[in-house]
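Contents: one structure, followed by commentary.
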Amino acid sequence: MKKITYINICFVLITFLGCNGRRMTAQLDAISQMANNQPDSALTLLSQLEPQKADWSEGDRMYFELVRLKAQNKAFITFTTDTIINKVVSYFQDHGTANERMLAYYLQGRVYADMGEAPQALQAYYDAIESADTTSSDCDYNTLIPVYGQMSQLFHQQNLPHDEIWALNHYIDYIRRYDSEKEYVIEKRRMISPYYLLGKKDTVLQIINDSYKALRDMGENQEAASALVSSIYIYTDRGQLHKARQTMDIFEKESGLFNKDGDIAKGREYYYYIKGYYYLTVNDIDSAEYYYRKAIVYTSDAYKGLLAVYRKRQNVDSVLHYSILNERALDSLHNSMEIDAIQRMSSLYNYNRSQKEAEQERIRYQKSQDILHYCINILIILMFIIICIGYLFAKNNKEKRNKIIKLRERLRTAKTQRAMIQEELISLKSEDLANIIAKKERQEKELAKQIKLLQAENEQYKENYKSIQQDNLDGFLDCNTANLFVRKAENKTEKQIPNDAEWKLLISEFVKYAPHTFQHFCATDTKPLSELELHVCLLLILGISDKTISVMAKTSPTTVSNAKTRANEKLYGQKQANRLKNNLFMTLKGI
């Protein structure tokens, strides 16, 4: 039964490896690592491997596509189709590691995000989080961190500040644990946007000031100064104009974002609107108009600033006035509708995710119950088999003992009858009764013959019973350890020379199957067998030649011959080495 089970397991493993074996994993892993910092080089290597892909297993082909999608994402290539990523996700749902599954879902989210499918992207990111095994020491946080980062950007785009804060809390926490302190302080500033949308300006100022102080302590003065821009607007809006001016000076002098003409670095032009707002607040109308007009190319908020300027001058054109008001109203309505739609979408996904988690928990519980019931059933069956074997063994021994007792009783009865007849013969001979004597003599001969047969049968049953209760040569020769040593002798194993553990296991098996012979080994009148002599005896019983014994015992043939001579003399009082094997088998067979 065990052999059949092992054969089936090997067959399944061979079939699995033949279908989904991944021989290219190490090479693709190296390319995947390269993609983290050199995505273009990784894509070049992948293009060189692609002609070989047709000869690979499905597992290698799917991993190849996963690594290529990762490299394309790192290279900021815009995805336009979800065909390949959906196949990759479908494969890794049932194959690969937790890290590979997480990466597949993350890349699926990036594909959907590029295609403008926010709901599908959000669901993919949730699936990526669920796939991550954060209890494992090899969890890929280089993938998990961007998952939360992308989710926060998606929530930010959809004006969902609460959800953005939830994602950023996880994102920043992992940055703190697995990245540098500087990176943690810089990334923490991303909390400014959602808290500002929620109107929590005190929290925003706290984040800005904490970041500024931490970066200054690190000696990152430019990075620290560049973090102050949002606080300028808040101080201005609150009428804290002295703090606003002071902060503005630090920002412009220390951030390193301005050229010699006072122009800010590309991408940071929204600062012109903030600076215009400051000058408008301090009634420097001309300066306010100047910076609003510089900002008008980069943000539509500049129109609102110019509207305020025209109002103060009281010469703004009414058409412009109402156009801007209308534009603001339309924007507000559009944003409100979009926020409501996305919030409903977010709630729906949260509900679906909860349902999915509940279903997964139910499935896990059902599986554990099935395994428990299976183990209990197997245990009951094993106990039943053991009880049956014990019962049959005891019954067989009892029958043999009863047979021996009956034979002994019949033998005793026959001997008693013979003694009585012999007495009668003596009495009859003295009375010269020829016919009676002849008759009794015939009866005596018949009883003597019967006694001889009963004695032979009794001895046969005694020997059979003794063989069961004592040594079992066949059982020892058929055991797994004996077969292992035979295979070693035939040089069919990795190592022909047994180790200490294997010798001890062989001796243990011999004690189990031939306790009386082993007791004879240990109970010699002069000296017990040495370790080498014992090993030689066991290998002779297994039918192994002297030459092979010398190899397995790590000694010379002469030493083996001497050991045989000493063992035969200790056990049987004979000095001939060639008689030892025959004597051992006679002892084991009870001859």
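The values are calculated or read from the model by the stated rules, or taken from the named source; none is laboratory data. Values in this document were obtained by computation on a predicted structure and should not be read as measured data. Here the Cβ is made from the backbone with ideal geometry for all residues, glycine too, and neighbour counts use every protein chain on show. Protein only, heavy atoms only, side chains kept; ligands, DNA and RNA dropped before computing areas. Shrake-Rupley method; radii C 1.70, N 1.55, O 1.52, S 1.80 Å.
Data table
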item	result
Cα gyration tensor, region 36-180 - rounded (a/c under 1.5), prolate or oblate	prolate
Accessible surface of region 51-96, 1.4 Å probe, proportion on carbon and sulfur as whole %	48 percent
Probe 1.4 Å, protein heavy atoms only - accessible area per residue of region 147-306 in square angstrom	49 Å²
Gyration tensor verdict on region 493-591 (Cα atoms; rounded if a/c is under 1.5, prolate if a/b is larger than b/c, oblate otherwise)	oblate
Per principal axis, descending, Cα span of region 173-259 in whole Å	40, 33, 21
Cα-centre dipole for region 101-147 with unit charges at Cβ (Lys and Arg positive, Asp and Glu negative), debye to 20	80 debye
Residue-normalised accessible area of region 471-589, given per residue in Å² at a 1.4 Å probe	54 Å²
Highest-first arrangement of 407-416, 529-538, where packing means the average Cβ count within 10 Å	529-538, 407-416
Rounded Å value of the spacing that divides the Cα centres of region 363-414 and region 19-71	58 Å
Accessible area of region 82-145 divided out per residue, in Å², using a probe of 1.4 angstrom	40 Å²
Solvent-accessible area, 1.4 Å probe, carbon plus sulfur percent, for region 174-254	42 percent
Shape call, region 215-301: gyration tensor on alpha carbons, a/c limit 1.5	oblate
